[in-house]
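The values are calculated or read from the model by the stated rules, or taken from the named source; none is laboratory data. The model shown is predicted, which means the values in this text are computed figures rather than measured ones. A quick note on method: Cβ atoms are made from the backbone with ideal geometry, for glycine too, and the neighbour counts reach across all protein chains shown.
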Amino acid sequence: MDRITIDGPLILGAGLAGLTAALSAAPRQALVLSAARLNEGCSSAWAQGGMAAALAGDDTPELHAADTMAAGAGLCDPAAVTLLTREGPDAVRRLANLGAPFDRTADGGFAQSLEAAHGRARVARVGGDGAGRAIMASVIAAAQAAPHIEIRENARAVALLQDATGRVRGALVEQAGALIEIRAAAVILATGGLGGLYAVTTNPRAVRGEGLGLAALAGARIADPEFVQFHPTAIDIGADPAPLATEALRGEGAFLVDVFGEPFMARYDARGDLAPRDVVARALHAERAAGRMTFLNAIEAVGPNFPHEFPAVFEACRAGGIDPRRELIPVAPAAHYHMGGVWTDLDGRTSLPGLFAAGEAACTGVHGANRLASNSLLEAAVFGARAGQAARDQAMATMEILPASVTPDLPADALNTLRAAMTRDAGVVRDAAGLTRLTGLIDEMERSQGLSPSLAAAKLVATAALDRRESRGGHYRADFPQTDAARRTFIEGLDARSLIAAE
């Protein structure tokens, strides 16, 4: 087996959080592993809405923080929210300085959209719905030009390396069918979320919670894994993954209708189409469970302007045989974002020495039980930079590294069974019967296949969801619809049934 040693951080993931961390690690050497080609297979590139930040004269970080806390349904960490919203405007400006082509107003300011649960129009956008890919293109160019950064594509970690003290010392990596041992001063997990564990998702299929599982298998503290956000308006054309109809469309005046063309959101919430995502997703779920198809009507709000105002949505619709300029867009809820993840402090440190996490793989406490729209890219930029700076200061350890064990991925048929079960039993609406059935399936797969990182991630979500006997944010229990006293979930390792701790 080949062995590589780098005098700096090893960064697992090449989305916005990972590349921002790598840039911030200068002048230390940084090695970035991308499981796919750059700007492919990462959720950052697929983000449509943009970055939420208090950039306008009538907005403040405090107002942004208040909206973030309200969406988080009592579980946000106030210190993390304050940091995010205070540092957010400068994070957007730094990306603009790297070349990210944010839309501008006539006076040169940032053009900003209104999205659900925001009290102000504060989402800085690119090309209407192309923020993620355009921002990533600029960050990738900066990372490729940085002399301290090496990027390896089509390389994925299959286990973390640790010494006898539990300190993380690197990773065992698979590339071109061979295993490579990479030793490093620190490891930063920036592997994204776990939407690919669901049969209906807006995320790349390969994003299946592997970073979360790797950390849990190594004994890291996991926070709030039951909280999964379902975007209400995935375009329902049978594609896997499902294309996204950005929330900015509703901010521009598009609205949800039933098969008869009648609006229905007012029956579910006084805020209507711009209610928080969890509310809208449950409304669509209820309509569809009652046999009523759901659609987004953007004909009057956008109409002929679709090709240049929302080109990504327009092309996705046309690929599905729909012309959104004159036709309704069929939409359905889909797994979109994981609020939980590997617990970190405000500098990306996990509970394991030598291990850091940033972006969707991490749980900073910013999002609580329900992420506010367009806070995800902002979190990746703000906390990715902090993780890179903190990891930069780690010294190389010298203790002997223990052998790493590797559990193969689930076979394709087993993965498809798991994805269907996650959508059915740990989806928009949950109950004890479904979650018990799901945990039983996961246990059976663990006995027959072993506990791979992705299966470990699914186990964390299902077990914590079964334990939380209330409804809050993205977690809705049909058998426990009430909201109880606020508490977070923390799990040490993977014996989740006995190690769930509440605060």
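For this structure, a couple of remarks:
- Verdict on Gly219 being under 18 Å from Ile491 (Cβ atoms), in contact with a helix residue (DSSP H, G or I) (Cβ under 9 Å, 6 or more places away or on another chain) and either crowded, with 22+ Cβ neighbours inside 10 Å or of a type outside the set (A, V, I, L, M, F, W, C) (or both): no
- Filter result for Ala117 (within 20 Å of the chain's Cα centre (by Cα) and among the aliphatic types (A, V, I, L, M)): yes
- Taking every residue in region 29-42 that is closer than 22 Å to Ala387 by Cα and pairing it with any residue that is basic (Lys, Arg), at least 6 positions away or on another chain, the pairs with Cβ-Cβ distances below 8 Å are Leu31/Arg152; Val32/Arg152; Leu33/Arg152; Leu33/Arg156; Ser34/Arg152; Ala35/Arg156; Asn39/Arg133.
- Evaluation of Gly341 against (1) at pLDDT below 95; (2) surrounded by 21 or more Cβ atoms within 10 Å (Cβ to Cβ) (one fails), failing number: (1)
- For region 99-145, the set of residues classified as aliphatic (A, V, I, L, M) and part of a helix (DSSP H, G or I) consists of Ala131, Ala134, Ile135, Met136, Ala137, Val139, Ile140, Ala141, Ala142, Ala143, Ala145, listed by residue number.
- Residue selection: Ala414 satisfies the criterion of being outside the structural domain of Ser351 (by TED's automatic domain parsing), surrounded by 15 or more Cβ atoms within 10 Å (Cβ to Cβ) and of a type in the set (A, V, I, L, M).
- Scanning region 1-49 for residues that are at pLDDT below 85, outside any loop (DSSP other than H, G, I, E, B) and not hydrophobic (A, V, I, L, M, F, W, C) yields Ser43, Ser44.
- For region 249-280, a tally of residues being at pLDDT 95 or above and of a type in the set (A, V, I, L, M) returns 5.
- As for region 109-130, it holds at least one residue that is touching a residue at least 60 places away in the same chain (Cβ under 8 Å), surrounded by fewer than 19 Cβ atoms within 10 Å (Cβ to Cβ), touching a strand residue (DSSP E or B) at 6+ places or on another chain (Cβ under 6 Å) and over 20 Å from Ala391 (Cα atoms).
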